[in-house]
Protein chains: 2
Amino acid sequence: MERILGIDPGSRTTGYGVIVSDRGRIGFIACGVIKASPQLPFAHRLNQIFDGVNEVIQIHSPTAAAIEDVFLATNPRSALKLGQARGAAVVAAMQNGLQVYDYSPKLIKQGVAGYGQAAKAQVQHMVRVLLGLPSMPSTDAADALAVAICHANQFRL
Amino acid sequence: MERILGIDPGSRTTGYGVIVSDRGRIGFIACGVIKASPQLPFAHRLNQIFDGVNEVIQIHSPTAAAIEDVFLATNPRSALKLGQARGAAVVAAMQNGLQVYDYSPKLIKQGVAGYGQAAKAQVQHMVRVLLGLPSMPSTDAADALAVAICHANQFRL
């Protein structure tokens, strides 16, 4: 049995989701978003991401972390911002002794929606169905849960 | 009097330099590089950067951090890598309670070499002269010292 923390990093909003997985059977534990204050200097926002991920780990004690291996075809400027946010989230997990696993957006979508080009709404819907959630998670939280589910499937944990 | 940690982030090699500044008079304290093992998974390398910066702060007790605000016109893929390395370094400084100041490469070069387009070798040479170093620092360490000097000049600390 493993408790998996999924992370969907972003410079404004970082989604997180925690699930439990027992040989392919998955269950929901928690999900939400870490908001970085846009009015603060960027270094402070990165620190909020680190603190937020750290807090989620303290509360939910995951045993592994899975994070989207973002690689988008936009401009270097935004890639640099997103990269810093991702770096802050990754080191927060590593500093807590978690192994960090990377998954491509395509593999994540395939894992939850059966189709690598699935739309955000489809991912959201399937995450809700697979985890039996009473209501629809936000897109960022759903993406984070999707990464966690992808990791569970990958290892048949 | 302020002790300034300058950081030149990179996904393979992160340069660092610590100087002391007393109302415009600057002195050398330490410099070096933090190497991330290229054979390790990327998350581990980011963690090495975090640990390395953290260790430098523990040893030299800087009171502020200055870091190059990288923004290079290369592809999004490498910007994403560099961004993550920068993010790891920034949160290490923030987690130690340091204020983190960003400086553009142009301003840094102008500050030490009097010319925003100065070559790496010029920056290296001027850093050596300004700090009275007995030998030439490596380029990464020199870049880190240059950011620290830039910060000292900026505030006439």
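Work from the charge dipole of the range B:2-156 (Cβ charges, +1 for Lys and Arg, -1 for Asp and Glu, about the Cα centre) and give the residue of B:Gly83, B:Gly116, B:Phe42 farthest towards its positive end.
B:Gly116
With a cut-off of 8 Å between alpha carbons and a minimum separation of six or more residues, what is the relative contact order of chain B in percent?
Once normalised by length, the contact order is 33 percent.
Computed over the Cα atoms, what is the radius of gyration of the range B:68-157 divided by 2.2 N^0.38 Å, N being its residue count?
Compared with the compact-globule rule of thumb, the range B:68-157 sits at 1.14.
About its Cα centre, how strong a charge dipole does the protein assembly as shown have in debye, to the nearest 20, once Lys and Arg get +1 and Asp and Glu get -1 at the Cβ?
Dipole about the Cα centre, nearest 20: 500 debye.
Taking the simple approach of a point 7 Å from Cα along Cα-to-Cβ for both B:Val129 and A:Ala30, what is their distance in nm?
Those two pseudo-labels are separated by 5.7 nm.
Nearest 10 degrees is fine. How inclined is helix A:120-131 to the longest principal axis of chain A, computing both from alpha carbons?
50
Considering only the other residues whose Cβ falls under 13 Å of the Cβ of B:Pro38, what net charge follows from Lys and Arg at +1 and Asp and Glu at -1?
Local charge sum for B:Pro38: +4.
If you count only protein heavy atoms and use a 1.4 Å probe, how large is the accessible surface of A:Tyr101, to the nearest 10 Å²?
Number for this one is 70 Å².
For the Cα atoms of chain B, what angle does the longest principal axis make with the long axis of helix B:139-155, in degrees from 0 to 90, nearest 10?
The helix B:139-155 is inclined about 60 degrees to chain B.
With Cβ to Cβ distances under 13 Å as the rule, what net charge do the other residues near B:Thr74 carry (K, R +1; D, E -1)?
Charge balance near B:Thr74 sits at +3.
If eta is 0.890 mPa s and T is 25 °C, what Stokes-Einstein diffusion coefficient results for the protein assembly as shown, Kirkwood Rh from Cα pairs, in µm²/s?
The diffusion coefficient I find is 122 µm²/s.
Please express the shape of the range B:1-67 as an equivalent ellipsoid: the semi-axes are the square roots of 5 times the eigenvalues of the C-alpha gyration tensor, given largest first in whole angstrom.
Each semi-axis is the square root of five times an eigenvalue, giving 26, 10, 8 Å.
Too long at a 32 Å Cα-Cα cut-off: which of A:Lys81/B:Lys109; A:Lys35/B:Lys120; A:Lys35/B:Lys109?
A:Lys35/B:Lys120; A:Lys35/B:Lys109
Determine which aspartates and glutamates satisfy two conditions relative to B:Lys106: a Cα distance under 13 Å, and not lying fewer than 8 residues away in the same chain.
B:Glu68, B:Asp69, B:Asp143
When the Cα centres of the range B:95-131 and the range A:100-118 are compared, how far apart do they sit, in Å?
42
In whole Å, what are the Cα extents of the range B:2-156 along the three principal axes, biggest one first?
Principal extents (largest minus smallest coordinate, Cα): 41, 33, 27 Å.
If the label for A:Met136 sits 7 angstrom from Cα along the Cα-to-Cβ line, what are its distances to the same label in every other copy, in nm to one decimal, shortest first?
Once sorted, the set of distances for A:Met136 reads 6.2 nm.
The values are calculated or read from the model by the stated rules, or taken from the named source; none is laboratory data. These figures come from a predicted structure and were not determined experimentally. For neighbour counting, all protein chains shown are included, and Cβ atoms are generated from backbone atoms with ideal geometry for every residue, glycine included. For the accessible areas, the whole protein counts, side chains as well, though only heavy atoms, and no ligand, DNA or RNA atoms are used. Shrake-Rupley method; radii C 1.70, N 1.55, O 1.52, S 1.80 Å.
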